[in-house]
Amino acid sequence: MHHPIEHFPEDRELEQALALLRVAQRVTVLTGAGVSAESGVPTFRGAGGLWEGHRIEDVATPRAFRRDPGLVWRFYNLRRASVWKVQPNPGHFALAEMEQRWGADSFAVCTQNVDGLHQQAGSQHVLELHGSLARVRCTVCEYRADRRGEDLPPLPSCPQCGELLRPDIVWFEEMLPADVWERAVEQTANCECFLVVGTSGVVYPAAGLIDGARAVGASIIEINLEATAATGRVDVALHGKSGEILPRLLAMLKGESGAAATGGIRA
Ligand code: OAD
């Protein structure tokens, strides 16, 4: 008789991932929309994704904003309003607790997400590669501010110079903020274990961090519902929900360190 295939990764794979994590002095994590999916934030690609029904070039490029800022602001104001309502899930909390175990100097989360949920869960060392839905910036002057939770008018204007504001989001065809990107590259170059969580791994330069981690010989663990563009380049792929796998890994880490401290015997 055949047993049904369980969706949760095999213990063997979890043990493998755990072994890689335990020997790492420094850990860097790359997260994508999948880590927030269990909080109710839609991902981008695939059925029900944010890009379904939207052409990226109509809502998420500088050209789209020049052509029709009202449409782009409508899209982002809807996203802003829906994000204020959501809460971090156990995956975000597990990453925040892992940061405490390693220390914020030795554990960094590079996120492509703009929802702020890692920080809300307590992570201190978060590098927002694609900006933040909470922040706005002026299209003309240096004004930049956190306007979290605020309902903005359809075409918000700068309190300093009166010109049009824009979301502080990195759009397609735009450069990533140089300082944030440099720090992400540095954290990746210095890590010994690199976690890739809930990202399709198709958007560059963010996905290039995976190659950066490989280049320095870091071990790479992927957590995703399914195989992705990154899977061929990782040491262990754990298939399932990040909100379940990350807490499980954390629990194993805690158990393991306890066993190691007492010289505990494992069956
Ligand atoms: P995608 O929508 O491309 O990919 C989401 C990934 O998460 C997919 O691989 C899913 O299989 C996986 N996933 C979904 N639910 C999951 C769960 N509960 N646990 C684990 N994995 C899960 O999103 P990103 O890779 O983040 O850029 O997209 C990268 C960038 O492209 C975004 O930052 C955005 C987008 O266009 C800009 O807006 C500039």
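Observations on the model:
- Length-normalised contact order for region 125-258 - Cα pairs under 8 Å, 6+ apart - percent: 17 percent
- Extents of region 106-159, taken as max minus min of Cα coordinates on every principal axis and listed largest first, are 39, 21, 15 Å.
- Summary value for the chain: 23 percent relative contact order, contacts being C-alpha pairs under 8 angstrom separated by 6+ residues.
- Expected 222 nm ellipticity per residue - DSSP helices of 4 or more, -39500 (n - 2.57), all of the chain, to 500: -11000 deg cm²/dmol
- Rg over Rh for region 140-212 works out to 1.09, using Cα positions for both radii and the Kirkwood form for Rh.
- For the peptides 83-89, 61-67, residues were scored by their other Cβ atoms within 10 Å and the scores averaged per peptide; the highest-first order is 83-89, 61-67.
- Projected onto their three principal axes, the Cα atoms of the chain cover extents of 68, 46, 33 Å, largest first.
- Taking the alpha carbon gyration tensor of region 58-208, multiplying each eigenvalue by 5 and rooting it gives semi-axes of 29, 17, 14 Å, largest first.
Computed from the coordinates by the stated procedures, all read-outs in this text should not be read as laboratory data. Predicted model, so just to flag it, every value in this text is computed and none were measured. Virtual Cβ from ideal backbone geometry, glycine too; neighbours counted across all protein chains shown.
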